[in-house]
């Protein structure tokens with residue numbers, strides 16, 4: 001089984017806390033960096049690449065929590081500043097760090113000095129004494145840059161610029177680009193301001209590069225010190241390895257549902273390394289069971305998918321992939 005990363009390198013730098021907007025007690029975590037490559041377009045009109053978000057910003061509070069519905073009381077917390085949503089966009093999330101729910105995250109929708117309200121009811125995962133963290137969200141601008149340090153190529157229109165894809169709340173791929181000229185900045189494909197766009201923990205950005213030259217993206221952040229969870233809801237989901245370590249296609253089954261045909265099973269989308277396009281894979285059940293291409297050919301189940309993959313979930317019930325901490 002080849003667990004070597006092809007385009008991501010993890011370096012353990014120090015067991016320290018990243019400098020940041022610390023307001024209360026923060027435990028030390030391992031800080032690392034990784035380098036991802038956005039491939040040039042080659043001979044085609046564009047080439048897709050995954051850029052994973054699996055290194056987090058420094059937590060502003062870590063400690064014991066107790067949940068009652070969506071309200072989580074934080075022992076010893078003294079929260080202040082802009083922690084709730086700004087103009088309707090979440091700025092922080094709550095991370096469960098211990099217990100059976102370790103790895104679950106939820107947007108913070110409101111807060112007091114000693115508590116937060118989350119978008120999801122995590123009470124079943126947060127019993128008395130469970131360790132939780134309040135963590136700032138990573139934004140698209142944090143990964144791909146903005147006016148200074150922009151890593152992709154902008155353009156006056158979405159068709160002229162490199163395109164960036166993220167899965168929205170409906171499970172559809174939404175397009176972003178960096179607009180140049182008048183009104184410069186990150187925009188949706190329709191031209192709406194996208195400066196505050198969030199890249200969720202464990203999510204992977206898809207970049208459609210229209211230029212020939214490849215681009216290196218270096219991200220720095222805290223490595224998860226707990227098991228991680230990827231939640232696959234109905235329709236399309238974007239994911240990557242919970243930490244910059246190898247993850248194989250075989251690891252997804254039986255979390256994702258198999259089927260006798262590609263149309264009956266959950267579909268996994270990976271980028272073809274030759275064409276730069278998305279290819280479909282599924283787990284075939286019954287006679288000849290195993291990972292297959294959309295055409296039914298045997299797929300390489302040991303393929304490293306840690307930098308990113310898409311899952312099209314067919315069932316209305318969510319599937320949760322728990323990645324046990326091995327780092």
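The values are calculated or read from the model by the stated rules, or taken from the named source; none is laboratory data. Note that the structure is a prediction, hence the values are computed from the model and not measured. Neighbour counts are summed over all protein chains in view; Cβ atoms, including those assigned to glycine, are modelled from backbone coordinates with ideal geometry.
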* Does residue 10 meet the test of being within 23 Å of residue 103 (Cβ to Cβ), modelled with pLDDT under 50 and outside the structural domain of residue 93 (by TED's automatic domain parsing)? -> yes
* Asked: Which residues, counting only those in region 188-206, are outside any loop (DSSP other than H, G, I, E, B) and either under 18 Å from residue 51 (Cα atoms) or assigned by TED's automatic domain parsing to the domain that holds residue 87 (or both)?
  -> 198, 199, 203, 204, 205, 206
* From 103, 181, grab the single residue that is at positive phi, buried (at least 20 other Cβ atoms within 10 Å of the Cβ) and at pLDDT 95 or above. => 103
* Can you spot a residue in region 152-164 that is farther than 22 Å from residue 223 by Cβ and in contact with a helix residue (DSSP H, G or I) (Cβ under 6 Å, 6 or more places away or on another chain)? -> yes
* From the options 309, 283, residue that is touching a residue at least 60 places away in the same chain (Cβ under 8 Å) and either crowded, with 21+ Cβ neighbours inside 10 Å or over 20 Å from the mean Cα position of the chain (by Cα) (or both) -> 309
